[in-house]
Amino acid sequence: MAVAVTQHKQFIGGEWVDSSSGETMEILNPSTGEVIAEVPRGTAEDVGRAVEAAKKAWDDWRNKTPKDRMELLLALADLIDEHADELTQLESRNVGKPMSIAADEMPFSADNLRFFAGAARTLEGKSAGEYVEGYTSIIRREPLGIVAGITPWNYPLMMVVWKMGPALAAGNVQIIKPAEQTPLTTLRFAELAQDVLPPGVLQVVTGDGVPVGDALVRHEDIALVSLTGDVETGKLIARNAADTVKRVHLELGGKAPMVVLDDADPATVAEAVKIGGFWNSGQDCTASSRILVSEAVYDDVVDATKSVIEAMKVADPAEGDDVDMGPVISEAQRERVLGFLERLPARASVVTGGGTVGERGFFVKPTIVADVDQSDEIVQSEVFGPVVTMQRFASDDEAIAMANGVRYGLAASVFSENVGRALAAARKLDFGTVWVNEHLFPLASEMPHGGFKQSGYGKDMSLYSMEEYTRIKHVAVKLA
């Protein structure tokens, strides 16, 4: 039976419009490889139209009281709750993630909007005071103006919320460019939001990184670009943004280590690897892709993890609620992941997995690779798929050196029954988030998310993210 292909438009200035070029892009279901939608292939001209609409919207939006902005953000959160089932199904179909995983993102996204709704009313600065005789100084925290968000394909709707919440709460207006492969929940959310937000406050331009993303980065009237994406894209955006000296907020790749000390429980570690390494098919910049294990428990951890991973059900999420893992996002991504396995050094061994699953879609078997060295490509580079490596260490200090011995610094975890050893390790791990006896969860809207080193700079979530979307102004008043 033929698959119905839905037709979509961009959301610019409160209206649904085609690309100025008239061209469209096909959107696939990665579980089947079938075309499920067509969206406009946006242009630099479309970005220009969105910027002009944003200019018209900004004065009214920034002059709304924090209470007014709070109420509108709360209304957006309610919309996510009311349409959670629909958004879950759409996200699962477009990204290929199991329904249970997509469903988990909806209440968290709504909570994130509610957090920033409250944060809109808590921005403060120094109290006014006299620091020079005869003058009163006032510190103002102001919105930047027009900001752009470039979102990834692994968490399309959730990343829109992470960027939109603090941006709009602080009084900015925003243009979103969703990933080329996964624009559908972003467009549906914009459709829901159009009855809540004034025209031009939130806009969506679909299309390729060049020209759409590039036009957003280079436009002189855009004050900030926030990217969640890979390291090389982040570097390019930072270079191009320098031409207009605009702010850049980067949440980039990761190569998260899970440090397993000699007193950790192998069964607990195995279950944590299942979640941390293979959630969303391992397509997560915080995925526990490197499992560093004390020699004392190495064999037990490998055996326990192998059993847990081989029991996972890998299938089209449409097959039922018991699916543990779906496909990777595209044929190109599957080939990229398999390429790492094909280039393994001869001494490396595949403990389980490798290869593909089924006759259609873009599936990769959940894979564990052992007998790798710190310098190996698969240890040093982000695979961004369902592949984890296992490495041995002899001492806690060696484990920390191995964990920190990559260019990334987004997230890490340490497993130990001794809280003192765990906290000592957490202090030395050079990563923006460190979990103890857990990996990937919990996430809380109140806590910051962001990396060190080449994993980027700036924070998502928490009140710290509001700093990214505001500027500080000193006003000095001469006294009579």
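Hey, among the residues in segment 262-283 that are in a loop (DSSP other than H, G, I, E, B) and surrounded by fewer than 22 Cβ atoms within 10 Å (Cβ to Cβ), which one's nearest to the chain's Cα centre (by Cα)?
Asp265
Determine whether Asp299 is in a loop (DSSP other than H, G, I, E, B) and either more than 19 Å from the chain's Cα centre (by Cα) or surrounded by fewer than 24 Cβ atoms within 10 Å (Cβ to Cβ) (or both).
no
Search segment 321-337 for residues being open to solvent by 20 Å² or more (accessible area, probe 1.4 Å) and without any contact (Cβ under 8 Å) to a residue 60 or more places away in the chain, and hand back the single one that is nearest to Ala272 (Cα to Cα). Give the steps one after another, and end with the answer.
Taking segment 321-337 and keeping what is open to solvent by 20 Å² or more (accessible area, probe 1.4 Å), we get 321-322, 324, 330-336.
The next check asks that each one be without any contact (Cβ under 8 Å) to a residue 60 or more places away in the chain; those that pass are 322, 332-336.
On the way: Asp322: 18, Ala332: 28, Gln333: 24, Arg334: 24, Glu335: 27, Arg336: 25 Å.
Applying the filter and picking the extreme gives Asp322.
Go through segment 436-480 and report how many residues are open to solvent by less than 20 Å² (accessible area, probe 1.4 Å) and free of Cβ contacts under 8 Å to residues at least 40 places away in the same chain.
Residues meeting the conditions: 1.
Test each condition in (1) closer than 20 Å to Asn112 by Cα; (2) under 22 Å from the mean Cα position of the chain (by Cα) for Pro66 and report the one that comes out false.
With respect to (1) closer than 20 Å to Asn112 by Cα; (2) under 22 Å from the mean Cα position of the chain (by Cα), Pro66 is out only on (2).
Spot the failing condition for Asp46; the list is (1) farther than 30 Å from Glu359 by Cα; (2) open to solvent by 10 Å² or more (accessible area, probe 1.4 Å); (3) within 26 Å of the chain's Cα centre (by Cα); (4) of a type in the set (D, E, K, R), and only one is missed.
The failed condition is (2).
I'm checking my understanding of the structure. Among residues of segment 359-377 that are more than 13 Å from Val387 (Cα to Cα) and touching a residue at least 40 places away in the same chain (Cβ under 8 Å), which one is surrounded by the most Cβ atoms within 10 Å (Cβ to Cβ)?
Phe362
Given the options Met164, Met106, name the one that is in contact with a strand residue (DSSP E or B) (Cβ under 8 Å, 6 or more places away or on another chain) and open to solvent by less than 10 Å² (accessible area, probe 1.4 Å). Steps first, please.
On the way: Met106 fails: in contact with a strand residue (DSSP E or B) (Cβ under 8 Å, 6 or more places away or on another chain).
Just a single option satisfies the conditions, and that option is Met164.
Taking the condition of being within 22 Å of Val328 (Cβ to Cβ) and among the hydroxyl-bearing types (Ser, Thr, Tyr), how many residues in segment 235-294 meet it?
Selection size over segment 235-294: 4.
Please give the strands (runs of 3 or more DSSP E) falling wholly within segment 1-46 in which 1 or more residues are in contact (Cβ under 8 Å) with a residue 60 or more places away in the chain and among the acidic types (Asp, Glu). Before the answer, list the steps.
On the way: elements: 10-12, 15-17, 24-29, 34-40.
In segment 1-46, the matching strands (runs of 3 or more DSSP E) lie at 15-17.
Just one of (1) farther than 30 Å from Thr356 by Cβ; (2) in contact with a strand residue (DSSP E or B) (Cβ under 7 Å, 6 or more places away or on another chain); (3) among the hydrophobic types (A, V, I, L, M, F, W, C) trips up Met390, so point out which.
(1)
Residues are listed down the side, and each one gets a yes or a no for (1) under 28 Å from Ala287 (Cβ atoms); (2) assigned to a loop (DSSP other than H, G, I, E, B); (3) open to solvent by less than 10 Å² (accessible area, probe 1.4 Å):
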{"site": "Met158", "(1), (2), (3)": "yes, no, no"}
{"site": "Ile176", "(1), (2), (3)": "yes, no, yes"}
{"site": "Asp195", "(1), (2), (3)": "no, yes, no"}
{"site": "Val217", "(1), (2), (3)": "yes, no, yes"}
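Read through the list (1) part of a strand (DSSP E or B); (2) more than 28 Å from the chain's Cα centre (by Cα), then give the number of the only condition that Val293 fails.
In the conditions (1) part of a strand (DSSP E or B); (2) more than 28 Å from the chain's Cα centre (by Cα), Val293 misses (2) alone.
Can you name every residue in segment 64-74 that is more than 13 Å from Pro198 (Cα to Cα) and not charged (D, E, K, R)?
Matches in segment 64-74: Thr65, Pro66, Met70, Leu74.
Output the residue which, of all residues in segment 384-405 that are crowded, with 24+ Cβ neighbours inside 10 Å and of a type in the set (Val, Ile, Thr), is farthest from Met258 (Cα to Cα).
My answer is Val387.
Where the second residue is of a type outside the set (Phe, Trp, Tyr) and not in a strand (DSSP E or B) and the first is open to solvent by 80 Å² or more (accessible area, probe 1.4 Å) and lies in segment 129-153, which pairs have Cβ atoms under 6 Å and are six or more apart or on separate chains?
Close Cβ pairs (under 6 Å, with a partner that is of a type outside the set (Phe, Trp, Tyr) and not in a strand (DSSP E or B)) amount to Arg141/Leu123; Arg141/Gly125.
The values are calculated or read from the model by the stated rules, or taken from the named source; none is laboratory data. Since we're looking at a predicted model, the values are computed, not measured. Here the Cβ is made from the backbone with ideal geometry for all residues, glycine too, and neighbour counts use every protein chain on show. Accessible surface areas use protein heavy atoms only, side chains included; no ligands, DNA or RNA. Shrake-Rupley method; radii C 1.70, N 1.55, O 1.52, S 1.80 Å.
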